[in-house]
Amino acid sequence: QVQLVESGGGLVQAGGSLRLSCVVSGRTFSNPVVGWFRQAPGKEREFVATIRRGDSATNYADSVKGRFTISRDNAKNTVYLQMNSLKPEDTAVYYCAASWAWTTSPTAYGYWGQGTQVTVSS
């Protein structure tokens, strides 16, 4: 089992920044990949970014490249998502999730946090 707890969401104006945190506990050795996903009302859950334990390889959705940065602090068992230059279309519930696979598909992530709301006003 893996447990994930997100925090850091909130309301921000367009152009602003937020940093999301995801504390990961449990069987992290067998689920070394942590990803961030988001879901806006009426839309499917979509991939945002992912990072792998060990070599800290990262991957980003095209829509957030250059604006968002994913990182991890293994000593704190925490994965961060730094979000800069936020746009109204970034408004969504953001989830972190853990997987054994290096993939952007949400169906491959077996463990999910409860989500944190990010709202970007224009």
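The values are calculated or read from the model by the stated rules, or taken from the named source; none is laboratory data. Because the structure is predicted, anything quoted here is derived from the model rather than measured. Methodologically, a virtual Cβ is constructed for each residue, glycine included, from the backbone with ideal geometry; neighbour enumeration extends over all protein chains shown. Accessible surface areas use protein heavy atoms only, side chains included; no ligands, DNA or RNA. Shrake-Rupley method; radii C 1.70, N 1.55, O 1.52, S 1.80 Å.
Quick check: the distance between the Cα centres of the stretch 7-23 and the stretch 40-97, to the nearest angstrom?
11 Å
Can you list the residues of the stretch 1-38 with backbone N under 18 Å from a point 7 Å past the Cα of residue 71, pointing along Cα to Cβ?
Answer for this model: 7-9, 17-24, 34-36.
Would you please put 51-62, 105-116, 87-98 in order of how densely packed they are, using the mean number of other Cβ atoms within 10 angstrom per residue and starting with the highest?
87-98, 105-116, 51-62
By the scheme Lys and Arg +1, Asp and Glu -1, what is the net charge of all other residues having a beta-carbon under 11 Å from that of residue 28?
Computed value for this residue: +3.
Nearest 5 is fine: what % of DSSP beta bridges in the chain come out antiparallel, could you say?
Roughly 90 percent of the beta bridges in the chain run antiparallel, per DSSP.
Share of the stretch 33-122's accessible area from carbon and sulfur, percent, 1.4 Å?
Here it works out to 47 percent.
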